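The values are calculated or read from the model by the stated rules, or taken from the named source; none is laboratory data. Bear in mind that the values here come from a model prediction, so they are computed numbers and not experimental data. Note that we place each Cβ from the backbone using ideal geometry, even for glycine, and neighbour counts take in every protein chain shown. These area figures cover heavy atoms from the full protein model, side chains too; ligands, DNA and RNA do not enter into them. Shrake-Rupley method; radii C 1.70, N 1.55, O 1.52, S 1.80 Å.
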Amino acid sequence: MKIFSYKNGVKSVGAAHVSVHALKKAGVEVYGRQGIYIQRGATIESGAKIYAPCYISADCHISGGASVMPYCYLQASFVGANAIVRASTLIGAHIGAGATVGPYSYLRGGAYIGENCRIGGFVEVKSSAVGNDTKIAHLAYVGDAEVGCNVNIGCGVVFANYDGKEKHKTKVGDCCFIGCNCNIVAPVTLQNGAYIAAGTTVTQDVGEDGFCIGRIRENIKPHGAAGRYKGG
């Protein structure tokens, strides 16, 4: 990923890492002094907020107004204006303006997050483009995918991209809804407006505005649990 330098940005020179004093002098807001490590060559724009402790590698760009909160590890990544990254790992990721990431998210290997997205806690995104205003709130894996704008991806959703031999791709259109605990088995396409009900495993394409539900109906037997659990 190419990281561009802006004339109002700060680029460290000479030392192995940027000093807190140099950051503040350039208009970067720094909170805490211990444990901030920014490699020489990183670009931090004026108005960015950096919180200790964190690590930012040489090939990162932090835009003005962006916040890198404590316990972040950023390598070869771009953080857009007014974006917030909380206690997360970014390796080769692009975070769009106004997006929020974390806590405890892992964005790697070509993760491209659009503007005003919400990438919540314990979310992993790999080799995927996520469109503007999309929400992946928590406990989800999105791999080898193209996800449109204004999509909701619920808790526990897994994009099953690997069949044991090859990686396969998933395409999700705009304004789709994927409920909790769904498995999206690639290769598959969900067209604009598709709605996937919670608990569904998707193995076929879903057309525009299509509703997909795949569940086994529960069979409840009164008192059928008696004696089955030794602690009960």
*asked:* Residue under question is TYR229, and the condition is that it be open to solvent by 80 Å² or more (accessible area, probe 1.4 Å), of a type in the set (Phe, Trp, Tyr) and out of contact with any Gly (no Cβ under 9 Å at 6 or more places or on another chain); does it hold?
replied: yes
*What number of residues within the range 58-77 are open to solvent by 10 Å² or more (accessible area, probe 1.4 Å), more than 15 Å from ALA26 (Cα to Cα) and not in a strand (DSSP E or B)?*
6
*asked:* Between a residue in the range 123-140 that is of a type in the set (Lys, Arg) and any residue that is part of a strand (DSSP E or B), which pairs come within a Cβ distance under 6 Å, given they are 6 or more apart or on different chains?
replied: LYS126/ARG108; LYS126/GLY143; LYS135/ARG118; LYS135/ASN152
*Output the residue which, of all residues in the range 78-95 that are crowded, with 24+ Cβ neighbours inside 10 Å and among the hydrophobic types (A, V, I, L, M, F, W, C), is farthest from ASN116 (Cα to Cα).*
LEU90
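Residue-wise test of (1) open to solvent by 50 Å² or more (accessible area, probe 1.4 Å); (2) assigned to a loop (DSSP other than H, G, I, E, B).
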{"position": "PHE122", "(1), (2)": "yes, no"}
{"position": "ASP133", "(1), (2)": "yes, yes"}
{"position": "HIS138", "(1), (2)": "yes, no"}
{"position": "GLU146", "(1), (2)": "yes, no"}
{"position": "LYS165", "(1), (2)": "yes, yes"}
{"position": "ASP174", "(1), (2)": "yes, yes"}
{"position": "ILE184", "(1), (2)": "no, no"}
*Looking at ALA99, is it surrounded by fewer than 18 Cβ atoms within 10 Å (Cβ to Cβ) and within 11 Å of the chain's Cα centre (by Cα)?*
no
*Scanning for something surrounded by fewer than 22 Cβ atoms within 10 Å (Cβ to Cβ), modelled with pLDDT of 90 or more and under 19 Å from LYS126 (Cβ atoms), does the range 24-43 turn up at least one residue?*
no
*asked:* closer than 16 Å to GLY102 by Cα, among the small types (Gly, Ala, Ser) and touching a residue at least 40 places away in the same chain (Cβ under 8 Å): is that true of SER67 in this structure?
replied: no
*Which ones in the range 78-94 are assigned to a strand (DSSP E or B) and either in contact with a His (Cβ under 6 Å, 6 or more places away or on another chain) or among the charged types (D, E, K, R) (or both)?*
PHE78
*asked:* For the range 88-136, which positions are touching a Pro at 6+ places or on another chain (Cβ under 7 Å) and under 26 Å from ALA58 (Cβ atoms)?
replied: SER88
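When residues of the range 122-141 are filtered for being of a type in the set (Lys, Arg) and touching a Cys at 6+ places or on another chain (Cβ under 9 Å), how many remain? It would help to see each step written out before you state the result.
Taking the range 122-141 and keeping what is of a type in the set (Lys, Arg), we get 126, 135.
Narrowing further to those that are touching a Cys at 6+ places or on another chain (Cβ under 9 Å): 135.
So the answer is 1.
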_Give me the residue from the range 106-120 that is assigned to a strand (DSSP E or B) and of a type outside the set (Val, Ile, Thr) and, out of that set, surrounded by the most Cβ atoms within 10 Å (Cβ to Cβ)._
LEU107
